[in-house]
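Colleague: Dumping the structure here so I can ask a few things about it.
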Amino acid sequence: MSKILDVNYEGEFAYHIYIEKTFDGLKGAVSELRISDRRALIVTDKNVAPLYLDKVKDILSECFCFVDEIILTPGEENKNTDSIAHIYERAIQDNFDRNDFFVALGGGVVGDMTGFAAATYMRGIRFIQIPTTLLSQVDSSIGGKTGVDFRAYKNMVGAFHMPSLVYSSVTTLKSLDEIQYASGMGEVIKHSLIKDKDYFGFLTDKLEGLKDRDMDVLIETVYRSNVIKKEVVEKDPKEKGERQLLNFGHTLGHAIEKCSDFSYSHGQCVAFGCLAAMHISDVTTEEENKAVCELMKAVGLQTTLKPMDNQTILAATRKDKKMDKGHVRFILLHSLGNAYIDSNVSDDSMLEALEYISK
Ligand code: NAD
């Protein structure tokens, strides 16, 4: 049971997303790009390379005339311009030109960096996303946001650059550790909360399958999240309006992430942020709130934030890139499955919500 989606950019077809169990369909998907005389540089990291690089390289070697790889040190702390320089150096060494491809094989860190290197190398070359974490399959590989962190500033330097193909093999999610899997589930639950009550129902119905990482359930989950992300980014590719809805849970989530010195995963912080934003929205029933918490717990997410200095968290929200003329831009719910943008959330409401999720 595989799935394919088309993504448009500025009204025209831009790329396919393949959601498959294995890499068996990768050759066919890449061949559609008609690139037999092109070269590819696979960018991956030291955790992913031993698991999937040989397999992917073998397949790509049947599609491209030359394939090289660069294996980066994993981790957000390496999502920086030094790593980008390594990618440029290898591409220059291999004489890559504008017709060649970069291929991201890994999680969101590898994907964002490969995309940014592709956006800027020789003023832009094409790239393929082969995401291997749940977060990157449901979220970061789609929509063309690429970039790196700069000094202490997350995603401060970047570009919008669309991939030519996204290929997700959900079997790769089997090797993710519990924390990374739960982190991706934070974004999955967020998608259902902002856009699709039926999807939320699907997730609660398939709890056991999600816990067991059942392949069919994961294909459907990645697909339904991809449909939501695709529809949002097609309407608003440059995040001027609708796309901001995807930031549900992120205003306080990012602040918690920063103030906890990144001791919580990104998706865990988004989950805390979602619970806080639901509390501020104050439109969901007790039963719905309970169902959200139960779903989060079942997939390995915590629902109670450890005691932190809430004033420091509040101050950190003001450093968020997503400010609106000095006001923190917040995403709230009209109802479960229906989100909107609000720039009038008071400090007191945020503090109260932080207290609520800390109990
Ligand atoms: P990550 O890329 O750091 O991957 C998490 C860890 O899992 C890494 O250690 C990695 O080596 C390892 N890993 C990857 N695939 C694996 C597999 N199949 N089996 C075992 N280990 C595996 O983290 P992430 O959560 O995938 O991505 C987070 C990044 O994504 C952040 O930098 C964030 O800013 C970015 N992001 C970007 C967008 C976007 O729209 N571009 C959206 C959301 C998040």
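Colleague: Shape verdict for region 215-270, please, from the Cα gyration tensor: rounded (a/c under 1.5), prolate (a/b greater than b/c) or oblate.
Modeller: oblate
Colleague: Mind pulling the angle between the C-alpha long axis of helix 250-259 and the longest principal axis of the chain? Nearest 10 degrees, somewhere in 0 to 90.
Modeller: Value to nearest ten degrees: 90.
Colleague: Sticking with this structure for a sec: Can you give the FRET efficiency for GLU77 and LYS174, using 1/(1 + (r/R0)^6), R0 = 35 Å, r = Cβ-Cβ distance, to the nearest 0.05? Numbers along the way, then the final one.
Modeller: On the way: r = 26 Å, r/R0 = 0.75.
So the FRET efficiency works out to roughly 0.85.
Colleague: In what sequence do MET122, MET296 fall when counting other Cβ within 10 Å, fewest first?
Modeller: MET122, MET296
Colleague: Another question, then. Just check the chain against the gyration tensor rule for me: Cα atoms, a ≥ b ≥ c as the square roots of the eigenvalues, rounded for a/c under 1.5, and otherwise prolate or oblate depending on whether a/b exceeds b/c.
Modeller: Prolate, because a/c is 1.5 or more and a/b exceeds b/c.
Colleague: Under 1.5 on a/c is rounded, so check that first for region 1-139, then, if it is not, pick prolate when a/b is larger than b/c and oblate when it is not; a ≥ b ≥ c are the square roots of the alpha carbon gyration tensor eigenvalues.
Modeller: Rounded, because the longest to shortest axis ratio a/c is under 1.5.
Colleague: Loop-only trypsin sites (Lys or Arg not before Pro) in region 130-200, please: DSSP not H, G, I, E or B, and at most 11 other Cβ atoms within 10 Å.
Modeller: The qualifying sites are ARG151.
Colleague: For the chain, set up a GNM with springs between Cα atoms under 10 Å and report which of ILE142, ILE280, ILE92 has the largest fluctuation.
Modeller: Most flexible of the set in this elastic network: ILE92.
Colleague: Looking at the chain, what % of its DSSP beta bridges pair antiparallel, to the nearest 5?
Modeller: 45
Colleague: On C-alpha positions alone, give me the angle between the axis of helix 266-281 and the longest principal axis of the chain, in degrees, nearest 10.
Modeller: 40
Colleague: Let me ask something additional. To test your reading of the geometry: what angle, between 0 and 90 degrees and rounded to tens, separates the Cα axis of helix 347-358 from the longest principal axis of the chain?
Modeller: 80
Colleague: In nm, to one decimal, how far is the ASN99 label point from the GLU287 one, both placed 7 Å along Cα→Cβ?
Modeller: Taking the two extended label points, one gets 6.2 nm.
Colleague: Per residue of region 82-95, in order, report the coupling 6.51 cos²θ - 1.76 cosθ + 1.60 (Karplus, θ = phi - 60°) as ³J(HN,Hα) in whole Hz, putting x for Gly and Pro.
Modeller: Once θ is set to phi - 60°, the couplings for region 82-95 become 5, 5, 4, 4, 4, 5, 4, 4, 5, 5, 5, 4, 8, 6 Hz.
Colleague: Just grab the label-to-label distance for ASP261 and LYS3, each label 7 Å out from Cα along the Cβ direction, in nm (one decimal).
Modeller: Roughly 4.0 nm, to one decimal.
Colleague: Then there is this: Multiplying the sequence separation of ASP342 and LYS235 by 0.36 nm and subtracting their Cα-Cα distance, what value in nm do you get?
Modeller: Difference between extended and current length: 36.6 nm.
Colleague: Using 0.36 nm per residue of separation minus the Cα-Cα distance, give me the extension gain between GLN302 and LYS27 in nm, one decimal.
Modeller: 95.1 nm
Colleague: What's the exposure ranking of GLU242, GLU294, GLU77, going from fewest to most Cβ atoms within 10 Å?
Modeller: The fewest-first ordering by Cβ neighbours comes to GLU77, GLU294, GLU242.
Colleague: Taking 7 Å along the Cα-to-C-beta vector as the label spot, tell me the ASP309-ARG213 distance in nanometres, rounded to one decimal.
Modeller: Distance between the two pseudo-spin positions: 3.9 nm.
Colleague: Also: Please arrange GLU62, GLU287, GLU239, GLU20 by counting, for each residue, the other beta carbons lying within 10 Å of its beta carbon, fewest first.
Modeller: GLU287, GLU62, GLU239, GLU20
Colleague: For all pairs of alpha-carbon atoms in region 1-66, what percent lies in each bin of width 5 Å, listed from the first bin to the last filled one?
Modeller: 3, 15, 21, 22, 22, 13, 4, 1
Throughout, read-outs are computed from the coordinates displayed, never taken from laboratory work. On a predicted model such as this, the values are computed, not experimentally measured, just so you know. Every residue, glycine as well, gets a Cβ built from its backbone with ideal geometry; the counts of neighbours run over all protein chains shown.
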